[in-house]
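The values are calculated or read from the model by the stated rules, or taken from the named source; none is laboratory data. Model, not experiment: these values are computed from the prediction. For neighbour counting, all protein chains shown are included, and Cβ atoms are generated from backbone atoms with ideal geometry for every residue, glycine included. Note: accessible area is taken over every heavy atom of the protein model, side chains too, but ligands, DNA and RNA are not part of it. Shrake-Rupley method; radii C 1.70, N 1.55, O 1.52, S 1.80 Å.
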Amino acid sequence: MPGLAALATGAAGVRTGAGPRHHLGGDPVGRRQRLYMWLMLFPAFFYLVTAFGLILYEMVTISLLYGPPGAEAYPSLGNYAEMLASPEFWAALRRTTVFVVIGTPLQLLVGLGLALLVHREFRLRGMVRAIFMLPIAIPSVVTAVIISLLFSVPYGHVNDLLMGRFGWFPRLVSAPINWYASEPLALGLALLGKTWRDMPISMLILLAGLGSISEEQYEAARTMGATSWQQFKYITVPQLVPAMASVLVLRSIEAWKEFIFPYILAPSFPVLGTLIDHAYHVAKRPSYAAALALVLVVLIAVTTGVLNRILRFLETHLVKA
Amino acid sequence: MKRIRLGWALGLAVALFMILFPLYILFKYSIADRASIVTGGRYPEPLWPFAPTFEMYRYLVSRGDFWAAGVTSVRIALYTVALSLTLGAPAAYALARYRFAGYGVLIFTLLSLRLFPDIATVIPVVERFYKPPLNALPVEVQVALAHTLLSLPYVIFMSIGVFQGIPKDLEEQAAILGCSRLYTFTRILLPVAAPGLAAGAIYTFLLSWNEFIFAYYLTFTNPEGATLPVYLLRVMAWTPQKNLLAALAVVISVPVILFSFLVQKYMQAGLTAGAVK
């Protein structure tokens, strides 16, 4: 791969390389050096900034088209008016909110559990950690397939188990459960898939947080006779607050964004992501899809900002206390 | 103390079960024979097939569209890796070596791109790619360009650390010996950075290989351009046959599992980018 990278830097490098010899390091950053630096930075940032600038611009302009194809009114807020008047939008917004409000703390707890399990010395620790990392390597689509296999209707492992077909397990239900016909169950499966696949991410962030707590504090606490629970409560948790705040912010963003798991496992109960896809592919209304997309982007930006504020406030508050 | 050890061992067992059992079940279904998946409710589906068979794998291998999807996946992933490193490595080098006024803004920009949901970004992207002049690009390149939008911030983050780890003396000595900046970067820095950059490359490959939304939208009207995850979903819509779906899912996952074992150490940097201060 270095060869390829070299090709690209060629454009930037040739121009600067043509000048007289120069020195790096001790010299103050001269004009030439500054130019060189910007030329190195330019391609990547140009690509990202133009692309996302265009994406945002197009999202806005497309969403302002309203009316039958070929005879759209522009600019029109018709899509937004229609959205606000549509019960499907409000239902999807409610489901997405529930998904975020339940999913985010759930992912924090699961990640914390895994992080605490591997954050100690034991034989085969490396292997256990590697196994804990497995879910993130599995494509989301595959994870969704695994869940649909386990929870298939009418005869899947979970239904077999609950109906007592395995003999060693009591019969809990008399008829197979149709997971995909019930809103809480279908969305629950989507959440299960999301949590299962992404737990290594929360685990890693929390592990880094755990690693930054100095061992001396625990030693000091132990000499003063603190129990393990007290050590956890008064040393681990308070110092893990920044890492936990990171997990909450990042995971809540991901929960808002979620599309694949609800799309495959809860098609009858659209969240905002699925609703965008429905507007685009089923209703064939790109402009309505763009309006929904823009609302989702704004929603994420606002809630992330608010959550960040709240967490920062709590952090300073907790440190003081 | 003893109670805690017991609780820990129990927790570990539960966690390992929760992670490994679903993977085992996927494998089990992929080698299941007909009687193990079509039970009619007379007996439970067995936890190990009655007559394990590789029939479904043989069937997949015999299908042209499966191979086509595989080749498409590999090509898109390689294009994405090439593009991401080409753009990302120089940028990471600049960010690693120079401190300047806009530094914080650039890093913030990189991080805030995550706020965009793929399912939202994909709408304008597809609309743009359907129209000239971009519709002239081969669909594989279109998907790779989209995947680069996702991978580039990670590649830059992961590579900043790689370049920071290279001693500055190396460049200074090269400069004293009369190397141009271009020569120093391509012939001295890149080879030294290669192992670290390889981790970013593999991470990008995995991201592209696993990605669903952009691949799905950009190949929606063009079934030949499907990547493996899109192909899996198509097969799912077309047949609910459990062993076929499972075999296909295993084939898609095995390369990623192997690869990710190789770059675990580095994946941490990518996955936690911006989260750990």
Completion exercise
A chain fully extended from B:Arg99 to B:Arg42 at 0.36 nm per residue, minus the present Cα-Cα distance, gains in nm 13.5 nm
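Ignoring ligands, DNA and RNA, how do A:Glu254, A:Glu88, A:Glu72 rank by accessible area with a 1.4 Å probe, largest first?
On the way: A:Glu254 45, A:Glu88 115, A:Glu72 85 Å².
Reading off the accessible areas and sorting them downward yields A:Glu88, A:Glu72, A:Glu254.
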Exercise for the section: Any chance you could run the full-extension gain for A:Ala85 through A:Met127? It's 0.36 nm times the residue separation minus the Cα-Cα distance, nm to one decimal. Expected result: 9.8 nm
Handout entry: Shielding of B:234-247 by partner chains, average beta-carbon count, 10 Å
Key = 2
Exercise for the section: Report the local net charge at A:Ala186: Lys and Arg +1, Asp and Glu -1, summed over other residues whose C-beta lies under 14 Å from its C-beta. Expected result: 0
Problem - Per-residue ³J(HN,Hα) for the range B:154-168, Karplus 6.51 cos²θ - 1.76 cosθ + 1.60, θ = phi - 60°, Hz, x for Gly and Pro - result: 5, 4, 4, 4, 5, 7, 3, x, 4, 6, 5, x, 8, x, 5
Fill in the blank from the handout: Computed from the beta carbon distance with a Förster radius of 60 Å, FRET efficiency for B:Ala35 and A:Arg32 to the nearest 0.05 stands at 0.20
Practice task
Let me know the charge dipole size of the range A:87-320 about its Cα centre in debye, to the nearest 20, where only the beta-carbon of Lys, Arg (+1) and Asp, Glu (-1) is charged.
Solution key: 80 debye
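Only helices at least 18 Å long along their own axis, judged from Cα atoms, and with Kyte-Doolittle mean hydropathy of -1.0 or greater: name those in chain A from DSSP H.
What comes out of the filter, once short or polar helices are dropped, is A:2-17, A:31-63, A:87-118, A:125-137, A:183-211, A:237-257, A:286-320.
For a quick check of your reading of the filter: which trypsin sites (Lys or Arg not before Pro) in the range B:1-71 sit in a DSSP loop and have no more than 14 other Cβ atoms within 10 Å?
Hits after loop and neighbour filter: B:Arg42, B:Arg63.
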Practice task
Springs between alpha-carbon atoms under 10 Å, Gaussian network over chain B: tell me which of B:Val74, B:Val14, B:Val254 tops the mean-square fluctuations.
Solution key: B:Val14
Problem - Label-zone membership for the range A:237-256, site A:Ala221, 7 angstrom Cα→C-beta point, backbone N under 17 Å - result: A:237-244
Handout entry: Computed label-point distance, nm, for sites B:Gln241 and B:Leu262 using a 7 Å Cα→Cβ extension
Key = 3.3 nm
Problem - For A:255-261, mean number of other protein chain Cβ atoms within 10 Å - result: 4
Problem - Rounded accessible area of A:Ser212 (nearest 10 Å², 1.4 Å probe) - result: 90 Å²
Problem - Lys, Arg +1 and Asp, Glu -1 on Cβ, resulting dipole of chain B about Cα centre, debye, nearest 20 - result: 700 debye
Exercise for the section: With an 8 Å cut-off on Cα pairs and a minimum separation of 6 or more residues, tell me the relative contact order of the range A:87-320 in percent. Expected result: 27 percent
Exercise for the section: Order A:His119, A:His317, most accessible first, counting only protein heavy atoms with a 1.4 angstrom probe. Expected result: A:His317, A:His119
Completion exercise
Within the set B:Ser180, B:Ser30, B:Ser260, GNM on chain B using Cα springs under 10 Å gives the largest fluctuation to B:Ser180
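Rounded to the nearest 500, what is the 222 nm mean residue ellipticity of chain B from helices alone, with -39500 (n - 2.57) per DSSP H run of 4+ residues and division by all residues?
Numbers: 13 runs with 198 residues, N = 277.
So the calculated ellipticity at 222 nm is -23500 deg cm²/dmol.
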Completion exercise
Heavy-atom accessible area with a 1.4 angstrom probe orders A:Tyr234, A:Tyr66, most exposed first, as A:Tyr234, A:Tyr66
Handout entry: In the range A:25-129, the trypsin sites (Lys or Arg not before Pro) that fall in loop regions by DSSP, at most 16 other Cβ within 10 Å
Key = A:Arg120, A:Arg123
Exercise for the section: Quick one: dipole size for the protein assembly as shown, taken about the Cα centre, charges +1 on Lys/Arg Cβ and -1 on Asp/Glu Cβ, in debye to the nearest 20. Expected result: 1060 debye
Exercise for the section: Using a Gaussian network model of chain A whose springs link C-alpha atoms within less than 10 Å, name the residue from A:Asp160, A:Asp277, A:Asp198 with the highest mean-square fluctuation. Expected result: A:Asp160
Fill in the blank from the handout: Here the whole-number average of other chain Cβ atoms within 10 Å per Cβ of B:139-152 is 1
Practice task
Compute the length gained on full extension between A:Arg309 and A:Gln231: take 0.36 nm times their separation in residues and subtract their Cα-Cα distance, giving the result in nm to one decimal.
Solution key: 25.2 nm
